1. In percent, what relative contact order does the range 68-173 have, based on Cα pairs under 8 Å that are 6 or more apart in sequence?
2. Whole number please: convex hull volume per residue of the Cα set in the range 74-173, in Å³?
3. Where does the chain land on Rg/Rh, using Cα atoms and the Kirkwood Rh?
4. For the range 126-134, just list the computed ³J(HN,Hα) in residue order, Karplus coefficients 6.51, -1.76 and 1.60, θ = phi - 60°, integers in Hz, with x standing in for Gly and Pro.
5. How far apart, in nm, are two points set 7 Å out from the Cα along the Cα-to-Cβ line at Lys86 and at Leu122?
6. Using a/c under 1.5 as the rounded threshold, could you call the range 1-83 rounded, prolate or oblate? The axes a ≥ b ≥ c are square roots of the C-alpha gyration tensor eigenvalues, and prolate needs a/b larger than b/c, oblate otherwise.
7. Which percent of the accessible heavy-atom area of the range 1-116 goes to carbon and sulfur, probe 1.4 angstrom?
8. For the range 35-133, with every protein chain kept in place, what is the accessible area per residue (1.4 Å probe, Å²)?
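The values are calculated or read from the model by the stated rules, or taken from the named source; none is laboratory data. Predicted model, so just to flag it, every value in this text is computed and none were measured. With ideal geometry, Cβ positions are generated from the backbone for all residues, glycine too; neighbour counts draw on all protein chains shown. Just the protein is used for accessible areas: all its heavy atoms, side chains included, with ligands, DNA and RNA removed. Shrake-Rupley method; radii C 1.70, N 1.55, O 1.52, S 1.80 Å.
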Amino acid sequence: AGMRIESISIVPMAAVGNAISSYTAQNIGAGKKERIPLGFRTGVKLSELTALPFVILYFIFSRQMMGLFLGAESVEAISAGMAFLKIVSPWYFMIVIKLMTDGIIRGSGAMVYFVVATVPDLILRIGFALVLTKSFGSTGIWMAWPFGWIVATTLTLIFYRKLGYKNDKSSDF
(Lines give C-alpha, C1' and ligand atoms only; values in the text may rest on other atoms or scores of the structure.)
Protein backbone atom coordinates (compact mmCIF):
# COMPACT_ATOMS: atom_id res chain seq x y z
CA ALA A 1 0.00 0.00 0.00
CA GLY A 2 2.87 2.36 0.80
CA MET A 3 4.41 1.71 -2.59
CA ARG A 4 1.08 2.44 -4.31
CA ILE A 5 0.95 5.76 -2.52
CA GLU A 6 4.59 6.43 -3.36
CA SER A 7 3.95 5.78 -7.04
CA ILE A 8 1.28 8.50 -7.03
CA SER A 9 4.01 11.03 -6.29
CA ILE A 10 6.80 9.54 -8.40
CA VAL A 11 4.78 9.27 -11.63
CA PRO A 12 4.41 13.05 -12.21
CA MET A 13 8.10 13.61 -11.51
CA ALA A 14 9.10 10.78 -13.84
CA ALA A 15 6.78 12.23 -16.49
CA VAL A 16 8.70 15.52 -16.36
CA GLY A 17 11.92 13.51 -16.78
CA ASN A 18 10.42 11.81 -19.84
CA ALA A 19 9.42 15.20 -21.23
CA ILE A 20 12.99 16.43 -20.68
CA SER A 21 14.17 13.47 -22.76
CA SER A 22 12.08 14.61 -25.74
CA TYR A 23 13.06 18.22 -25.11
CA THR A 24 16.74 17.25 -25.16
CA ALA A 25 16.45 15.22 -28.36
CA GLN A 26 14.55 18.04 -30.09
CA ASN A 27 17.12 20.64 -29.08
CA ILE A 28 20.01 18.45 -30.17
CA GLY A 29 18.25 17.92 -33.50
CA ALA A 30 17.68 21.66 -33.87
CA GLY A 31 21.32 22.38 -33.08
CA LYS A 32 20.39 24.28 -29.89
CA LYS A 33 22.20 22.34 -27.20
CA GLU A 34 22.59 25.53 -25.16
CA ARG A 35 18.90 25.23 -24.20
CA ILE A 36 19.39 21.89 -22.45
CA PRO A 37 20.66 23.30 -19.10
CA LEU A 38 17.62 25.60 -18.96
CA GLY A 39 15.33 22.61 -19.51
CA PHE A 40 17.20 20.74 -16.78
CA ARG A 41 16.81 23.57 -14.25
CA THR A 42 13.17 24.09 -15.15
CA GLY A 43 12.44 20.36 -14.84
CA VAL A 44 14.13 20.20 -11.45
CA LYS A 45 12.21 23.22 -10.16
CA LEU A 46 8.89 21.90 -11.44
CA SER A 47 9.51 18.48 -9.96
CA GLU A 48 10.69 19.88 -6.62
CA LEU A 49 7.45 21.87 -6.41
CA THR A 50 5.55 18.69 -7.24
CA ALA A 51 7.42 16.73 -4.55
CA LEU A 52 6.86 19.25 -1.74
CA PRO A 53 3.15 18.62 -1.05
CA PHE A 54 3.68 14.86 -1.22
CA VAL A 55 6.50 14.97 1.32
CA ILE A 56 4.35 17.08 3.64
CA LEU A 57 1.36 14.77 3.18
CA TYR A 58 3.44 11.66 3.79
CA PHE A 59 4.89 13.05 7.02
CA ILE A 60 1.83 14.67 8.55
CA PHE A 61 -0.90 12.41 7.21
CA SER A 62 0.95 9.12 6.63
CA ARG A 63 -1.61 7.13 8.63
CA GLN A 64 -4.49 8.62 6.65
CA MET A 65 -2.67 8.00 3.40
CA MET A 66 -2.23 4.34 4.34
CA GLY A 67 -5.91 4.24 5.28
CA LEU A 68 -6.75 4.85 1.63
CA PHE A 69 -5.64 1.28 0.89
CA LEU A 70 -5.80 -0.56 4.21
CA GLY A 71 -8.41 -1.02 6.90
CA ALA A 72 -7.74 -0.10 10.54
CA GLU A 73 -7.29 -3.81 11.37
CA SER A 74 -4.06 -3.90 9.28
CA VAL A 75 -2.01 -2.36 12.08
CA GLU A 76 1.36 -3.87 11.10
CA ALA A 77 0.93 -3.10 7.41
CA ILE A 78 -0.09 0.49 8.18
CA SER A 79 2.93 0.90 10.45
CA ALA A 80 5.29 -0.50 7.80
CA GLY A 81 3.75 1.73 5.13
CA MET A 82 4.06 4.79 7.33
CA ALA A 83 7.75 4.01 7.93
CA PHE A 84 8.28 3.54 4.19
CA LEU A 85 6.67 6.88 3.32
CA LYS A 86 8.57 8.77 6.00
CA ILE A 87 11.93 7.24 5.06
CA VAL A 88 11.69 7.52 1.28
CA SER A 89 9.74 10.73 0.65
CA PRO A 90 12.36 13.29 1.84
CA TRP A 91 14.69 11.85 -0.78
CA TYR A 92 12.26 12.92 -3.52
CA PHE A 93 14.02 16.29 -3.54
CA MET A 94 17.20 14.52 -4.62
CA ILE A 95 15.69 11.83 -6.85
CA VAL A 96 14.10 14.46 -9.09
CA ILE A 97 17.62 15.52 -10.05
CA LYS A 98 18.30 11.94 -11.15
CA LEU A 99 15.03 11.79 -13.08
CA MET A 100 15.89 15.01 -14.96
CA THR A 101 19.46 13.95 -15.73
CA ASP A 102 18.13 10.53 -16.81
CA GLY A 103 15.87 12.34 -19.26
CA ILE A 104 18.74 14.34 -20.67
CA ILE A 105 20.99 11.30 -20.91
CA ARG A 106 18.30 9.28 -22.71
CA GLY A 107 17.41 12.21 -24.97
CA SER A 108 21.10 12.50 -25.87
CA GLY A 109 21.14 8.84 -26.89
CA ALA A 110 23.73 8.00 -24.21
CA MET A 111 22.02 4.80 -23.10
CA VAL A 112 25.24 3.27 -21.75
CA TYR A 113 25.45 6.13 -19.23
CA PHE A 114 21.81 5.57 -18.29
CA VAL A 115 22.36 1.85 -17.66
CA VAL A 116 25.63 2.45 -15.79
CA ALA A 117 23.80 4.86 -13.45
CA THR A 118 20.70 2.70 -12.99
CA VAL A 119 22.11 -0.78 -12.36
CA PRO A 120 24.25 0.18 -9.32
CA ASP A 121 21.15 1.77 -7.76
CA LEU A 122 19.36 -1.57 -7.85
CA ILE A 123 22.37 -3.58 -6.70
CA LEU A 124 23.10 -1.21 -3.80
CA ARG A 125 19.47 -1.25 -2.67
CA ILE A 126 19.56 -5.04 -2.49
CA GLY A 127 22.94 -5.11 -0.74
CA PHE A 128 22.05 -2.48 1.82
CA ALA A 129 18.64 -4.07 2.38
CA LEU A 130 20.32 -7.38 3.21
CA VAL A 131 22.59 -5.65 5.73
CA LEU A 132 20.02 -3.28 7.25
CA THR A 133 17.25 -5.85 7.70
CA LYS A 134 19.46 -7.68 10.19
CA SER A 135 19.22 -4.72 12.58
CA PHE A 136 16.01 -2.98 11.51
CA GLY A 137 13.81 -5.78 10.18
CA SER A 138 11.68 -4.92 7.17
CA THR A 139 12.26 -1.20 7.78
CA GLY A 140 15.85 -1.83 6.64
CA ILE A 141 14.51 -2.47 3.13
CA TRP A 142 13.16 1.10 2.91
CA MET A 143 16.28 2.49 4.54
CA ALA A 144 18.33 0.97 1.71
CA TRP A 145 16.61 2.98 -1.03
CA PRO A 146 18.42 6.29 -0.40
CA PHE A 147 21.84 4.62 -0.66
CA GLY A 148 21.10 3.50 -4.21
CA TRP A 149 19.51 6.83 -5.08
CA ILE A 150 22.53 8.80 -3.86
CA VAL A 151 24.97 6.81 -5.99
CA ALA A 152 22.68 6.83 -9.04
CA THR A 153 22.10 10.59 -8.78
CA THR A 154 25.82 11.24 -8.41
CA LEU A 155 26.57 9.12 -11.47
CA THR A 156 23.91 10.82 -13.60
CA LEU A 157 25.27 14.25 -12.66
CA ILE A 158 28.77 13.14 -13.65
CA PHE A 159 27.44 11.85 -16.98
CA TYR A 160 25.38 15.01 -17.53
CA ARG A 161 28.56 17.05 -17.22
CA LYS A 162 30.49 14.61 -19.44
CA LEU A 163 27.90 15.22 -22.14
CA GLY A 164 28.93 18.88 -22.02
CA TYR A 165 25.67 20.50 -20.91
CA LYS A 166 27.09 22.29 -17.88
CA ASN A 167 27.32 26.05 -18.24
CA ASP A 168 27.59 29.05 -15.90
CA LYS A 169 23.86 29.15 -15.27
CA SER A 170 23.71 25.47 -14.27
CA SER A 171 26.80 25.42 -12.08
CA ASP A 172 24.63 24.63 -9.07
CA PHE A 173 24.18 21.15 -10.54
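1. Numbers: 91 pairs, mean separation 31.7, N = 106.
Once divided by the residue count of the range 68-173, the mean separation gives 30 percent.
2. On the way: hull volume 9.9 nm³, N = 100.
Dividing the Cα hull volume of the range 74-173 by its residues yields 99 Å³.
3. Values: Rg = 17.6 Å, Rh = 17.0 Å.
Here the Rg-to-Rh quotient is 1.03.
4. Values, residue by residue: 5, x, 5, 4, 4, 6, 6, 5, 5 Hz.
5. In this crude label model, Lys86 to Leu122 measures out at 3.1 nm.
6. Values: a/c = 5.68, a/b = 3.23, b/c = 1.76.
Taking the square roots of the gyration eigenvalues as a ≥ b ≥ c, the range 1-83 is prolate.
7. Values: 3850 of 5670 Å².
Here carbon and sulfur together make up 68 percent of the probe-accessible area.
8. On the way: 4830 Å² over 99 residues.
Counting only protein heavy atoms, the per-residue value for the range 35-133 is 49 Å².
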